[in-house]
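Take a look at the structure set out below.
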Amino acid sequence: MDVDRNMKVPINQLRLMLPVVLVAVLAIFPIIGTPRVWLLYLFLFFVYLTMANMWNLLAGYSGLTFLGPAALIGLAGYTLVIVTWNDLPFYLGIIGGGIVAAAFAALIAVPTFRMRGIYFAIGTLVVPEALRYVFYLWKPVGGEMQGGGAGYMIKGIGELSLTEFYWLALAIGIVSIFLMRIILRSKLGLGLAAIRDSDRAAASSGVDVFRLKLYAFVIAAFVTGAAGAIFYIYQGYIAPASAFNIRWLMTCLLATVIGGIRTEEGPIVGTIIVVFLHFLLARYGALSLLIQGVILVVIMLLIPEGIVGFVRKTRAYRSLAALAAGR
Amino acid sequence: MSEPILSVSGVTKRFGGLVALRDLSFDIQRDEAVGLMGPNGAGKTTLLNVIAGEYKPDSGAIRFNGNFITSLPPHKICHLGIARTYQIPQPFVNLTALQNVVVAARFGRGLGKAPAEKEASEVLDMIGLSEKKDALAKDLSTITLKLLELARVLASKPELVLLDEVAAGLTEAEIPKLLDTLRKVRSMGITVLLIEHVISVMMQAVDRIVVINEGMKIAEGAPKEIMEDKKVIEAYFG
């Protein structure tokens with residue numbers, strides 16, 4: 001008994017302290033001479049983590065298997081272009097990117113929410129494709145066509161260094177984690193979980209299914225868009241073929257499913273693996289997508305609940321959790 | 001007689017060429033318990049779906065407390081005070097039993113977090129499920145899920161409940177418990193519309209029975225009269 005009581009305090013304190021220390025360490029990385037390439041991979045980690053968290057909110061917690069995150073990211077990227085080409089500050093591009101992505105989500109919600117399950121998934125899969133063709137033809141800020149369609153440099157970010165991109169990405173990554181915590185413990189989170197499990201029973205229990213799904217979709221779109229704009233500030237260049245690319249979906253999907261869909265920690269673990277894979281597979285080009293696909297299939301066959309879901313079921317985790325709870 | 005709590009008038013519902021409900025009319029008075037009987041495929045569940053707002057009727061109207069509810073979506077009908085169970089339970093499988101009920105208390109009744117949890121615990125207590133309250137719905141047996149449906153419905157504080165075969169699948173020993181629960185529901189001042197194949201439950205739980213066959217009302221009356229009605233016997237036994 002005494003041992004248990006003594007164990008309880010440090011573990012609980014540790015649970016509070018650990019994230020704070022971790023964030024502080026991550027925040028000082030750029031100013032203590034961390035190698036540039038490390039910072040770059042961490043930058044990608046935070047951007048992808050944000051997108052994966054939002055994808056988990058939709059696919060894992062709201063029953064919205066949204067296969068078109070590239071639409072939000074691409075639109076946010078082009079919003080950033082329009083903002084910076086009009087000599088407005090880049091942070092307006094980030095906010096504007098989020099707003100445009102959110103507005104677009106609200107717009108496509110009206111037709112796509114009429115579809116359920118797999119039909120919603122397929123309906124949203126074609127959206128980025130359609131947008132890609134729009135940006136092959138439409139030059140939002142004029143000028144010559146570069147590459148295929150509306151390829152543009154991002155203007156007015158010359159004075160920004162990797163340190164600043166890094167901090168932006170770190171900030172939105174942390175925001176996305178906290179946002180998930182808040183939403184999942186709120187009335188909205190409860191309603192979304194009910195909709196995911198049975199939209200009929202949810203509606204007949206008084207849940208306004210359309211409205212709640214719309215809230216989740218718009219929130220996720222805003223944050224995904226903002227993360228997309230931050231990515232393009234770093235990239236410095238945008239073109240339709242890469243902006244509306246299925247790779248964005250692959251990244252969200254891999255990170256969420258490998259880590260554990262419908263778990264809060266899943267996307268964190270999954271994104272670490274995805275970024276590590278990017279690092280390992282960087283020189284294999286198109287082959288890397290194939291390898292990632294194979295890994296996805298293997299994970300889905302062996303541990304469909306993902307790494308976090310799997311670990312939670314093990315005996316070691318359960319006894320640790322019991323210890324932490326002071327039992 | 002005072003104004004009926006529910007008034008179904010001339011409701012027709014077609015699915016393609018199939019007419020599921022044909023010019024169906026009946027009323028339910030406040031505090032009454034009405035049974036809905038009919039052979040398989042008679043249109044009982046369809047009628048429940050139409051009342052609860054899941055289907056729009058092709059013609060006819062439904063009034064609840066005098067207000068037309070025919071074109072309202074299901075969640076608004078729930079807010080007005082009609083709650084339903086499903087013949088095949090539709091639990092929120094990844095939520096605990098308590099959370100299942102909390103959903104109805106928060107969204108149906110509009111309670112805050114703490115009062116909703118208190119209310120949900122009390123309802124589970126009343127139904128006899130308090131031991132299961134922290135179990136995930138996906139780990140519960142079908143029978144428990146049937147009772148959970150009932151708990152979910154009550155947590156939204158309805159004036160009228162639509163119960164779709166709550167007794168199906170229960171054992172002989174569990175039936176008296178269910179009847180007892182139904183009595184409690186009625187003593188809370190809740191009006192009941194009950195679909196039931198278990199005749200003993202029907203006879204004991206309701207004041208009046210409406211019998212439909214092929215989407216049409218063929219008889220209406222006290223349970224005893226209905227059991228002796230020629231048309232009803234014909235519909236069931238051919």
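Tell me yes or no: at least one residue of region A:238-248 is open to solvent by 50 Å² or more (accessible area, probe 1.4 Å), over 16 Å from A:TYR61 (Cα atoms) and free of Cβ contacts under 8 Å to residues at least 12 places away in the same chain.
yes
Looking at A:PHE135, A:PHE104, which is the one that is in the same structural domain as A:GLY191 (by TED's automatic domain parsing), open to solvent by less than 40 Å² (accessible area, probe 1.4 Å), assigned to a helix (DSSP H, G or I) and at pLDDT below 95? Answer to the check: A:PHE135. When each of B:LEU111, B:LEU98 is tested for being part of a loop (DSSP other than H, G, I, E, B) and among the aliphatic types (A, V, I, L, M), the lone residue that passes is B:LEU111. Selection of region B:185-207 for residues being among the aliphatic types (A, V, I, L, M) and buried (at least 20 other Cβ atoms within 10 Å of the Cβ) yields B:VAL185, B:ILE190, B:VAL192, B:LEU193, B:LEU194, B:ILE195, B:VAL201, B:MET202, B:ALA205, B:VAL206. Taking each residue of region A:149-175 that is in contact (Cβ under 8 Å) with a residue 24 or more places away in the chain and looking for partners that are open to solvent by 50 Å² or more (accessible area, probe 1.4 Å) with beta-carbon atoms closer than 6 Å, six or more apart or interchain, yields A:GLY149/A:TYR136; A:ALA150/A:LYS139; A:MET153/A:TYR237; A:LYS155/A:TRP85; A:PHE165/A:TYR234. Take the conditions (1) within 14 Å of chain B (Cβ to nearest Cβ); (2) surrounded by 20 or more Cβ atoms within 10 Å (Cβ to Cβ); (3) closer than 22 Å to A:ALA106 by Cβ; (4) modelled with pLDDT of 95 or more; A:SER205 misses just one of them, which is (3). Checking each residue in region A:43-64 for being in a helix (DSSP H, G or I) and farther than 23 Å from A:TRP167 by Cα picks out A:ASN56, A:LEU57, A:LEU58, A:ALA59, A:GLY60. The residues on offer are A:LEU80, A:LEU67, and the sole one that is surrounded by 18 or more Cβ atoms within 10 Å (Cβ to Cβ), outside any helix (DSSP H, G or I) and of a type outside the set (S, T, N, Q) is A:LEU67.
When B:ILE77 is tested against (1) within 16 Å of the chain's Cα centre (by Cα); (2) more than 12 Å from chain A (Cβ to nearest Cβ), only condition (2) is not met. A:ALA321 - would you say it is farther than 29 Å from A:ARG196 by Cβ, modelled with pLDDT under 90 and surrounded by fewer than 17 Cβ atoms within 10 Å (Cβ to Cβ)? No: the conditions fail for A:ALA321.
Checked against the criteria, A:MET115 does not count as in contact with a strand residue (DSSP E or B) (Cβ under 7 Å, 6 or more places away or on another chain) and over 14 Å from A:ILE230 (Cβ atoms).
A Cβ distance below 6 Å, combined with a sequence gap of six or more or placement on separate chains, defines the contacts here; from region A:10-21, residues that are over 20 Å from A:LEU170 (Cβ atoms) reach residues that are open to solvent by less than 100 Å² (accessible area, probe 1.4 Å) in the pairs A:ILE11/A:ALA324.
Criterion applied to B:LYS56, B:LYS76, B:LYS13 was being buried (at least 17 other Cβ atoms within 10 Å of the Cβ) and of a type in the set (D, E, K, R), and the one residue passing it is B:LYS13.
Tell me which of these A:ALA220 doesn't satisfy, since it passes every other one: (1) small (Gly, Ala, Ser); (2) in the same structural domain as A:PRO69 (by TED's automatic domain parsing); (3) without any contact (Cβ under 8 Å) to a residue 60 or more places away in the chain. Only one criterion is unmet by A:ALA220, namely (3). In this entry, B:ALA116 passes the filter for residues that are buried (at least 22 other Cβ atoms within 10 Å of the Cβ), over 21 Å from the mean Cα position of the chain (by Cα) and assigned to a helix (DSSP H, G or I).
Residues that are within 14 Å of chain B (Cβ to nearest Cβ) and either in a helix (DSSP H, G or I) or at positive phi (or both) within region A:231-265 comprise A:GLY260, A:ARG262, listed in sequence order. For region B:103-113, filtering for residues that are open to solvent by less than 20 Å² (accessible area, probe 1.4 Å) and at the interface with chain A (Cβ under 7 Å from one of its Cβ atoms) leaves 3.
Would you confirm, using the coordinates I've provided, whether A:LEU42 is open to solvent by 20 Å² or more (accessible area, probe 1.4 Å) and under 22 Å from A:ARG181 (Cβ atoms)? When the stated conditions are applied, A:LEU42 passes them.
The values are calculated or read from the model by the stated rules, or taken from the named source; none is laboratory data. Computed from a prediction, not measured in an experiment: that's the story for all the values here. Because the Cβ atoms are built from the backbone with ideal geometry, glycine has one as well, and the counts that use them run over all protein chains shown. Quick note on the areas: whole protein, heavy atoms, side chains included, nothing else; ligands and nucleic acids left out. Shrake-Rupley method; radii C 1.70, N 1.55, O 1.52, S 1.80 Å.
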